[in-house]
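Shown next, in structure tokens, is the structure this report addresses.
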Amino acid sequence: MTQIFDESGNIIPVTILKVGPCVVTQVKTTLNDGYNAIQVGYGNVSTKSLTQPQLGHLQKSNIQPLKYLKEFRVSDPTNFNVGQVLDVESFVAGQLINVTGKSIGKGFSGLQKRYNFARGPMTHGSKNHRAPGSIGMGTSPGRVLPGKKMAGQLGNKTANIKKLKIVQVNNDENILVVKGAVPGKPGNLLSIVLST
């Protein structure tokens, strides 16, 4: 993240995103596939980086080898053609977007860090400091109920940040400047869709 100044001199916290260019690799229609969607590819790679089935799928449409493929549902697939390039020209400053990506993984975390549990007393002979405490009733029901909050992996899950405002669009560099934070580390792969 960084910050920029607007015309009034106010500081705006922004994230700078490199967007595309992405290529439409497949158009799915209700008639052929049962639903309307487009498959979008991103990230040019050498042919040896992909398997034969992946290469065959792309070569069928005469498209260069791409590292990432992702499907997006659309209401009208006739607006898209195979080989069409999608870039920041699809966006305008002031629009609201939803950004989805993997959140930063924080490893195996305890309950205080993961769920903001209160800890036990540190003094007066207490030996319960960061322990989970009771995890359920006794003989009845005689089991731990599903969904019980316990220690475990924190982060590294798909996160969706909604209604982020586009501050600037740079068509020359394919750069989108968005107000606020997005999931994951710098260099993380994100998918961007317009908010409805």
Neighbours by Cβ (under 8 Å, 6+ apart or cross-chain): first from segment 147-165, polar (S, T, N, Q); second assigned to a strand (DSSP E or B) and loosely packed, with under 15 Cβ neighbours inside 10 Å: Gln153/Phe108; Gln153/Ser109
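One line per residue, one yes/no per condition, for (1) touching a helix residue (DSSP H, G or I) at 6+ places or on another chain (Cβ under 7 Å); (2) open to solvent by 60 Å² or more (accessible area, probe 1.4 Å); (3) among the hydrophobic types (A, V, I, L, M, F, W, C):
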{"position": "Pro132", "(1), (2), (3)": "yes, yes, no"}
{"position": "Gly147", "(1), (2), (3)": "no, yes, no"}
{"position": "Thr158", "(1), (2), (3)": "no, yes, no"}
{"position": "Val169", "(1), (2), (3)": "yes, no, yes"}
{"position": "Leu194", "(1), (2), (3)": "no, yes, yes"}
Residue in segment 66-75 that is free of Cβ contacts under 8 Å to residues at least 24 places away in the same chain, closer than 21 Å to Gly187 by Cα and not in a loop (DSSP other than H, G, I, E, B) present: no
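Could you check how many residues of segment 153-196 are among the polar types (S, T, N, Q), assigned to a loop (DSSP other than H, G, I, E, B) and more than 18 Å from Phe72 (Cβ to Cβ)?
4
Filter segment 88-100 down to the residues that are open to solvent by less than 80 Å² (accessible area, probe 1.4 Å) and either in a loop (DSSP other than H, G, I, E, B) or at pLDDT 95 or above (or both) and list them by number. Even if it seems obvious, please write down each step before you answer.
Keep residues of segment 88-100 that are open to solvent by less than 80 Å² (accessible area, probe 1.4 Å), which gives 88, 90-91, 93-100.
Within segment 88-100, Phe91, Ala93, Gly94, Gln95, Leu96, Ile97, Asn98, Val99, Thr100 meet the criteria.
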Condition check for Gly125: within 23 Å of the chain's Cα centre (by Cα), modelled with pLDDT of 95 or more and not aliphatic (A, V, I, L, M): no
Residue check for Gly20: part of a loop (DSSP other than H, G, I, E, B), open to solvent by less than 80 Å² (accessible area, probe 1.4 Å) and in contact (Cβ under 8 Å) with a residue 60 or more places away in the chain: yes
Exclusive hit being out of contact with any strand residue (DSSP E or B) (no Cβ under 6 Å at 6 or more places or on another chain), open to solvent by 30 Å² or more (accessible area, probe 1.4 Å) and without any contact (Cβ under 8 Å) to a residue 12 or more places away in the chain, set Thr51, Thr29: Thr51
Failed condition for Ser103, given (1) among the polar types (S, T, N, Q); (2) modelled with pLDDT under 95; (3) under 30 Å from Ala37 (Cα atoms): (2)
Index of the failed condition, Val85 passing every other in (1) aliphatic (A, V, I, L, M); (2) touching a Pro at 6+ places or on another chain (Cβ under 6 Å); (3) surrounded by 12 or more Cβ atoms within 10 Å (Cβ to Cβ); (4) touching a residue at least 60 places away in the same chain (Cβ under 8 Å): (3)
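The values are calculated or read from the model by the stated rules, or taken from the named source; none is laboratory data. No experiment lies behind these values; they were computed from the predicted model shown. Methodologically, a virtual Cβ is constructed for each residue, glycine included, from the backbone with ideal geometry; neighbour enumeration extends over all protein chains shown. Only protein heavy atoms, including side chains, enter the accessible area calculation; ligands, DNA and RNA are left aside. Shrake-Rupley method; radii C 1.70, N 1.55, O 1.52, S 1.80 Å.
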